[in-house]
Amino acid sequence: MFFNTSRFSRRDLKPYIAEFLGTALLIVIGDGVVAQCLLSDYQYGTWLSINVAWASAVCISGYLSDPSPTINPAVTICLALVRPTPGQWRKLPGKLLAQFLGGFVGAAIVYINYRSAIEDWDPEYTIPGGSILSPRGHHSAGIFSTYPAAFFNSNWEAGFSELLASAVLMFGSLSISDPANASRFHSPQLSVFLLLLAIGAALGWQTGYAINPARDFGPRLFSAIVYGKEVFTAANYYFVVPIFAPILGCILGATVYDSMLYEGDGSRITDALDKAEDRDGGLRLD
């Protein structure tokens, strides 16, 4: 029995392809700018250029399809929970797979491009917080995925930082996409660029602001091929934080926005509050 591919048209596959290519593009630009800054000892880049490049990658990916791909499993899951649409849950597994696979492939491309530079800058192939020490204090594994700052007392503190940044991401994204703001945000992709730039500049330093499970786990999975399984055990199994904290943060941000500001349709939170007001004759604050 042969697999019948005729049932899938290019239009059917486009949402998944957009998620894959969008996430791969995010990593090629995002991990690429980290590599350029780090491997040149910041001669060809700064923290500002890192923030600009990541924000630009998210902005550009927004033009790959209409509606724009989320390229972020935390956002995808949050929207399915809070703003469900017909067929959304059926598409969810495929979109998540496309996002994580895009992150993996994007990291592989960055490694191929910078392999010689990595070998020259960090010949020991070291991991932040890992068991192998670099004589020069270099840790190139941080090019591909995020690791917490050494001053954190626990991963709970780093988790709060990721949760906060992800909540701001979701809150801001819902504000940008709110139909009530359509006349003010004429270019939502540019608005998202400004949002990501602000998050990186204000909340990105301590954890590298993953705020996206696919951005972190996909490249981390690839980096395990090059650096070994310690990329998962380093910093007391920190890899769990950028998987779950962004999901919780996005749900928190969506809950705050929809419960306090959103007046449109399609939100489970807004609908529940509207039903409570209808039943009780309105919410009273006295």
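Values in this text are rule-based calculations from the coordinates and carry no lab data. Owing to the predicted nature of the structure, the values given are computational and were not obtained by experimental measurement. Note: ideal-geometry Cβ built from the backbone for every residue, glycine included; neighbour counts use all protein chains shown.
General observations
- Here the chain is assigned +1 on the Cβ of each Lys and Arg and -1 on the Cβ of each Asp and Glu. Its dipole about the Cα centre then comes out at about 800 debye.
- Segment 148-194-segment 46-63 distance, computed between alpha-carbon centres (Å): 14 Å
- Left without a cysteine partner by the 4.7 Å Cβ rule in the chain: CYS37, CYS59.
- Per-residue Cβ neighbour counts within 10 Å put CYS250, CYS59, CYS78 in the sequence CYS59, CYS78, CYS250, beginning with the fewest.
- Neighbour counts of C-beta atoms inside 10 Å place TYR237, TYR209, TYR125 in the sequence TYR237, TYR125, TYR209, starting with the fewest.
- Label zone at ILE112, where the point sits 7 Å out along the Cα-to-Cβ direction: segment 196-223 residues whose backbone N lies under 17 Å: 219, 222-223
- Going from the fewest other Cβ atoms within 10 Å to the most, the residues ARG115, ARG220 appear in the order ARG115, ARG220.
- Taking every alpha-carbon pair under 8 Å whose residues sit at least 6 apart, segment 175-258 reaches a relative contact order of 24 percent.
- Sum of -39500 (n - 2.57) over DSSP H runs of 4+, divided by residues of the chain (222 nm, nearest 500): -22000 deg cm²/dmol
- If you take all other residues with their beta carbon under 14 Å from the beta carbon of THR23, and give Lys and Arg +1 and Asp and Glu -1, the sum is 0.
- Tensor-based shape of segment 104-171 (alpha-carbon gyration tensor, a/c under 1.5 rounded, otherwise prolate or oblate): oblate
- For GLY102, the shell of other residues with beta-carbons less than 11 Å away shows a net charge of +1, using +1 for Lys and Arg and -1 for Asp and Glu.
- Ignoring aspartates and glutamates fewer than eight residues from LYS91 along the same chain, the ones with Cα atoms less than 14 angstrom from its Cα are ASP12, GLU19.
- The chain, relative contact order [Cα under 8 Å, separation at least 6], %: 25 percent
- Of the DSSP H helices in the chain, those that are both long (alpha-carbon extent of 30 Å or more along the helix axis) and hydrophobic (Kyte-Doolittle mean at least 0.0) are 10-39, 88-121, 155-177.
- Residue-count net charge about ASP120 - beta-carbon cut-off 15 Å; Lys, Arg +1, Asp, Glu -1: -2
- Within a Gaussian network of the chain (alpha carbon springs, distance under 10 Å), most fluctuating of ALA98, ALA117, ALA24: ALA117
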